[in-house]
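Below is one structure, written out as structure tokens; the observations come after it.
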Amino acid sequence: MRNASLWRALLGVENTVIEEIEFDEETEVVVAHVRPRRGGRGRCGTCGTRASWYDHGEGRRRWRSLDVGVMQVFLEADAPRVNCPVHGPTVRQVPWARHAAGHTLAFDQQVAWLATQCSKSAITELMRIAWRTVGAIITRVWSDTAAQHDLLAGLRRIGIDEISYKRNHKYLTVVVDHDTGRLVWVGVGREKATVRAFFDVLGPERCAQITHVSADGAAWIGEVVTERCPNAVRCADPFHVVKWATTALDEVRRQAWNAARSRTGQTPSTLQARRAAGKENYSTGPAKALKNSRFALWKNPENLTTRQAAKLTWIAKAEPTLHRAYLLKEALRLVFQLPHHEAVEALEHWISWARRSRIERFVKLQRTIVTYKAEILAAIEHGLSNGLIESVNTKIRLITRVAFGFRSPDALIALAMLNLGGHRPVLPGR
């Protein structure tokens, strides 16, 4: 009896009868012959409902358990089937492992903990399993964790964004709780159907409780938010708004660069000749100066180096149109640094200035700003941005590198949720 209690503790199993322990000399592993206690017999492995006997199934089978010392350990038991009223003939439930799993609960738990703490090579080497097996384990561990916790409870202010997880335009849609900083939901895809899937899970009652939604201005997000949460305040992410202006500025810079090349007689044939000669920089004169001005135009004034500040001074004298585009970009950035009552007036002035700027790209941008004016001012008033979501996305990018080799995005999502969902796995017995 003492030996049986000791082995139950070593194997980390409950409601289990230890029948015999043997050493398999052929495979050089320890095999524990076990069976469920009487009260745990006769339940469906899928739903746990009591069910009548059906047949012996495929005979005895083994489950990988945690190693004891340097030896691998397996649990071996009969795997009869029961006739579940819901799922039909199904292998009966066992107290030491999940249904259809080849590893014990303790083994799964330790692998899931290691996946949030260690590198890919460390996990596979320590646990002596393939990386795809790790993906299957963390998927089922997260499935059980999600079933035990209400991840969407108490949501009031959320942020929605997308992130690329694979080449060929493979995206995940990410939802983060602004109040707790938790990752609360991840879906495959970047389209209206994906966002609707989140609100379907949330339900109409909880959708009505959402007060603020921040996003990057994408129509596929905004239209669904308006449809499902009509009373929520929509906030445009300041970073993305300023990024629109930076992109517009870069287009104006390229136009000025092309114009400068034309003035210096750099035709396509001369550029081709310079490339054939192995010269890295194909521009000369003012065009060369403009080509190297990108970072001076992009950076905030307070972060400019002496050389970059001098470059801006030269642009102000030599390329006044480009300099006005730079001032428009900076003025839009400064709008987000003002109190709300001042930002309202400043944004109106910016729209008027951009409309009269005669810079085609910024005239087009001001139309976009007018479209999202209410969302921009709401972001300033409520102090919301997608900065928290971008932080989560950065961590997901790192997780994506770790998860390379998983068969499906489900394992990647499970690993991201285990790391960032607020319910990290713990080591067995701790």
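Exactly one of these conditions fails for residue 173: (1) of a type in the set (Ser, Thr, Tyr); (2) open to solvent by less than 10 Å² (accessible area, probe 1.4 Å); (3) within 21 Å of residue 376 (Cβ to Cβ). Give me its number.
The one condition residue 173 does not meet is (3).
Within region 290-304, is even one residue modelled with pLDDT under 80 and either in contact with a strand residue (DSSP E or B) (Cβ under 9 Å, 6 or more places away or on another chain) or of a type in the set (A, V, I, L, M, F, W, C) (or both)?
yes
Only one of (1) more than 18 Å from residue 111 (Cα to Cα); (2) open to solvent by less than 30 Å² (accessible area, probe 1.4 Å); (3) in a helix (DSSP H, G or I) is not met by residue 384, so which one is it?
Among (1) more than 18 Å from residue 111 (Cα to Cα); (2) open to solvent by less than 30 Å² (accessible area, probe 1.4 Å); (3) in a helix (DSSP H, G or I), residue 384 violates only (3).
In region 178-229, what residues are assigned to a loop (DSSP other than H, G, I, E, B) and of a type in the set (D, E, K, R)?
Across region 178-229, the qualifying residues are 179, 182, 190, 191, 216.
Counting only residues that are open to solvent by 20 Å² or more (accessible area, probe 1.4 Å), give me the strands (runs of 3 or more DSSP E) lying completely in region 1-89 with at least 3 of them.
Qualifying strands (runs of 3 or more DSSP E): 16-24, 29-36, 52-55, 60-68, 71-78.
Quick check on region 133-148. Is at least one of its residues buried (at least 19 other Cβ atoms within 10 Å of the Cβ), among the aromatic types (Phe, Trp, Tyr) and part of a helix (DSSP H, G or I)?
yes
Identify all residues within region 292-314 that are within 16 Å of residue 261 (Cβ to Cβ) and surrounded by 18 or more Cβ atoms within 10 Å (Cβ to Cβ); write none if there are none.
The one that is within 16 Å of residue 261 (Cβ to Cβ) and surrounded by 18 or more Cβ atoms within 10 Å (Cβ to Cβ): 293.
β-branched (Val, Ile, Thr), over 20 Å from residue 43 (Cβ atoms) and either in a helix (DSSP H, G or I) or open to solvent by less than 50 Å² (accessible area, probe 1.4 Å) (or both) - does that describe any residue in region 96-111? Can you show your working first?
Step one: filter region 96-111 for residues β-branched (Val, Ile, Thr), giving 104, 111.
After this cut, where a residue has to be over 20 Å from residue 43 (Cβ atoms) as well, the list is 111.
Restricting the remaining residues to those that are either in a helix (DSSP H, G or I) or open to solvent by less than 50 Å² (accessible area, probe 1.4 Å) (or both) gives 111.
For region 96-111, residues β-branched (Val, Ile, Thr), over 20 Å from residue 43 (Cβ atoms) and either in a helix (DSSP H, G or I) or open to solvent by less than 50 Å² (accessible area, probe 1.4 Å) (or both): present.
The values are calculated or read from the model by the stated rules, or taken from the named source; none is laboratory data. Treat the numbers as computed from the prediction; the structure is a model and nothing was measured. Here Cβ is always computed from backbone atoms with ideal geometry, including for glycine, and neighbour counts include all displayed protein chains. Each accessible area value is taken on the protein alone, full model and side chains, heavy atoms only, with ligands, DNA and RNA left out. Shrake-Rupley method; radii C 1.70, N 1.55, O 1.52, S 1.80 Å.
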